[in-house]
Amino acid sequence: MFVSMLLPKSYFQNQDVLFLAKDLLGKVLITNIEGQICSGIIVETEAYRAPDDKACHAYNNRKTERTKTMFLDGGHAYIYLCYGMHHLLNVVTATEGNAQAVLIRAIEPLDGIEQMKIRRKTPTFNLSLTKGPGNLTKAFGIDKRLNETKFYEAKSAIQIYDENKHYSLEQIAISKRIGVDYAEECAHWLWRYYVKENPYVS
């Protein structure tokens, strides 16, 4: 019988960010913010990798106050504010000094839906609750204060679990990333992964 397992630090150390972007599909994200627990299945991701990826914040290994989190060892949360409005959640991967990360773009909600509705200020349940990277962070109570959180620690406010839910290659769609038209040839890289026909995919 399979038992739910908190993903260990070693899982995030994998140097292949594309593998992890696919493998994170089906994993369960859990937040515990001020005693409010929310969880959901990751159903859409995007991969980013320095130094060659022009869509990556750390392109050419650019290290700034914002991007320094990407250079930490795998298993840290990289959370930044996009357009001054939306906090986006990324999973830092690989070993220290190698700036790679997986953006979590959509989640299928499981537990804590009532709390998610309160945070999203929506009285009724709808599919947009956790559809899109900005919506899901708001629903789960994630903001920049949780930047550099370690997903693999037992008392972390954000954790990722393996619930033994795996999608076959036939169930996973691959496409160009969203909103990176500025990245020239890198904008055409097929580094977005999502679960086919899942209603929560953005």
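The values are calculated or read from the model by the stated rules, or taken from the named source; none is laboratory data. Predicted, not measured: the structure shown is a model, and the values here were computed from it. Heads up, the Cβs are rebuilt from the backbone with ideal geometry, glycines too, and the neighbour counts pull from every protein chain shown. Areas reflect the complete protein model, heavy atoms only, side chains present, ligands, DNA and RNA absent. Shrake-Rupley method; radii C 1.70, N 1.55, O 1.52, S 1.80 Å.
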Inset, instruction - Kindly indicate whether any position in segment 107-120 is within 20 Å of Ala47 (Cα to Cα) and in contact with a strand residue (DSSP E or B) (Cβ under 7 Å, 6 or more places away or on another chain). - result: yes
Legend entry - So Ser202, is it open to solvent by less than 70 Å² (accessible area, probe 1.4 Å), more than 23 Å from Gln13 (Cβ to Cβ) and modelled with pLDDT under 95: yes
Inset, instruction - Please identify the pairs in which a residue from segment 152-177 that is outside any strand (DSSP E or B) has its Cβ atom under 8 Å from the Cβ atom of a residue that is of a type in the set (Asp, Glu), counting only partners at least 6 apart or on another chain. - result: Arg177/Glu46
Inset, instruction - Take the residues in segment 131-156 that are of a type in the set (A, V, I, L, M, F, W, C) and touching a helix residue (DSSP H, G or I) at 6+ places or on another chain (Cβ under 6 Å), then tell me which one is surrounded by the most Cβ atoms within 10 Å (Cβ to Cβ). - result: Leu136
Inset, instruction - Consider only pairs whose beta carbons are under 6 Å apart and that are at least six residues apart or on different chains; among these, list those whose first residue lies in segment 26-38 and is in a strand (DSSP E or B) and whose second residue is among the charged types (D, E, K, R). - result: Val28/Glu163
Inset, instruction - List every residue pair whose Cβ atoms lie under 6 Å apart, where the two residues are 6 or more positions apart in sequence or sit on different chains, the first residue falls within segment 1-14 and is under 19 Å from Met70 (Cα atoms) and basic (Lys, Arg), and the second residue, located anywhere, is modelled with pLDDT of 95 or more and open to solvent by less than 80 Å² (accessible area, probe 1.4 Å). - result: Lys9/Gly75; Lys9/Tyr152
Legend entry - Residue check, Glu46 open to solvent by 10 Å² or more (accessible area, probe 1.4 Å), farther than 18 Å from Lys144 by Cα and acidic (Asp, Glu): no
Legend entry - Qualifying strands (runs of 3 or more DSSP E) (wholly inside segment 76-121; at least 3 residues being modelled with pLDDT of 95 or more and either touching an Asp or Glu at 6+ places or on another chain (Cβ under 7 Å) or of a type outside the set (Ser, Thr, Tyr) (or both)): 86-92, 100-109
